[in-house]
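Accompanying notes for the structure given below.
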Amino acid sequence: MTPADEQPATARSGPRPKPWIEGIHAYVPGRSRSADGAPLVKLSANENPLGTSAAALAARTDAPAPNAYPDPDATALRTAIGARNGIDPARIVCGTGSDELLNLAAQGFAGPGDEVIYVRYGFAVYDIAARRCGAVPVVAPDRDYGTDVDALLACVTERTRVVFVANPNNPTGRYIGAEDMRRLHAGLPENVLLVIDQAYAEYLAPGEDDGGMALATAHGNVLVTRTFSKIYGLAGDRIGWATGAPPLIDVLNRIRGPFNVTLAGQAAAIAAVGDEDFVTRSRDHNAAERARFVAAIAAMGNHGLRTVESEANFVLVLFEGALSAETALLAIQDAGYAVRWLPGQGLPHALRITIGTAAQMDAIAGVLCRLTDAGA
Ligand code: PMP
């Protein structure tokens, strides 16, 4: 690093970033390597341990050569998503991951001086999305690591423009049901956009539904986002989608990248939507391994470890006794695994562990068991 690089951006003579951009801490992705560069098994980014649907992989390979631009409107993909979910494709917009759509939702409806609310221990992108359009992020208190509807509503002011709720929530895994979601929406003024981020919704037990899609159908101020990165196993292709009233979709279409979903990605996602068997297998695997892992932690007895109830493809383990999350993180890394430690998000006492294969979960539980036994 040269001395010039070490100076704060504002002290340099070149272009000056907007002050609200300087307040942003770049998103920290889940690690895949140890401090000395050795590759680790990645249980730090909530990816699908079963891989990708074979049909999606085949469609990706068969996609047209990439010298041509993709369909800018992702028409066939929106049609497939609409057919699968009972939604008019005109009410769907696709994005470069749901990350793009979350950012566009903030950018489209909030600006300098406005407020954007999310829950403490919410998804890190909400803070970035709010700040990058100059809005003020407002953090509502959680209720035992979950969304507290009353606390959220108590934060609403006349400057509130957007409320983000991940359901299930990341990094905690907590979930609120349809009655709470309906109450949250009913308590918001009509000019506030409620973004219900359902990145992990496909992991919910069959029949479980937070009612977000119904709210997005019935009201002009609800946007639901989904992703192909989790249960569909297409994180590397960066595809998400959002649904809501046509005026909301129109706003996102105006400000999104014109060719924001790749040719191969569109082809893969269309095939993935059609492979319900892969989705079911992934959900069943996750439910079984999550339950087994939670039971393994509980069986360790009274060592200060507990899991936050999760409806997603990861579990937040709290370290409230002698064994610290950081010590456990290092031991898990030494065993060859990356899990997520989030001190920057107010969780120095927790590890978020993605549900992997049975052997991977046994290995993680084995490390924790050894550590707690050693400390007992
Ligand atoms: N929302 C939540 C709650 C997430 O956890 C993630 C991924 N970590 C995303 C959105 C974004 O996913 P993607 O951009 O891959 O669709």
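Observations on the structure shown:
- Among residues of segment 226-276 being of a type in the set (Asp, Glu) and in contact (Cβ under 8 Å) with a residue 12 or more places away in the chain, the one that is nearest to residue 79 (Cα to Cα) is 275.
- Subset of segment 146-175 [within 18 Å of the chain's Cα centre (by Cα) and among the aliphatic types (A, V, I, L, M)]: 162, 163, 165, 166
- Conditions (1) more than 16 Å from the ligand (Cβ to nearest atom); (2) touching a strand residue (DSSP E or B) at 6+ places or on another chain (Cβ under 9 Å); number of the one not met by residue 84: (2)
- In segment 14-52, the residues that are without any contact (Cβ under 8 Å) to a residue 40 or more places away in the chain and within 30 Å of residue 272 (Cα to Cα): 29, 39
So that you can scan it fast, the table gives a plain yes or no per residue for (1) modelled with pLDDT under 95; (2) small (Gly, Ala, Ser); (3) out of contact with any Asp or Glu (no Cβ under 7 Å at 6 or more places or on another chain); (4) under 20 Å from residue 253 (Cβ atoms):
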| residue | (1), (2), (3), (4) |
| --- | --- |
| 101 | no, no, yes, yes |
| 130 | no, yes, yes, no |
| 139 | no, no, yes, no |
| 153 | no, no, yes, no |
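- Complete set of residues in segment 90-113 that are more than 14 Å from the ligand (Cβ to nearest atom) and buried (at least 19 other Cβ atoms within 10 Å of the Cβ): 92, 107, 108, 109, 110
- Filter result (buried (at least 23 other Cβ atoms within 10 Å of the Cβ) and within 11 Å of the ligand (Cβ to nearest atom)) within segment 220-259: 225, 226, 227, 228, 230, 232, 234, 237, 239, 240, 241, 242
Residue-by-condition table, conditions (1) within 18 Å of the chain's Cα centre (by Cα); (2) within 16 Å of the ligand (Cβ to nearest atom); (3) touching a residue at least 40 places away in the same chain (Cβ under 8 Å):
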| position | (1), (2), (3) |
| --- | --- |
| 59 | no, no, yes |
| 63 | no, no, yes |
| 77 | no, yes, yes |
| 118 | yes, yes, yes |
| 134 | no, no, yes |
| 144 | no, no, yes |
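The values are calculated or read from the model by the stated rules, or taken from the named source; none is laboratory data. All of these numbers come straight from a predicted model, not from anything done at the bench. Quick reminder, even Gly has a Cβ in these numbers, built from the backbone with ideal geometry, and neighbours come from all protein chains shown.
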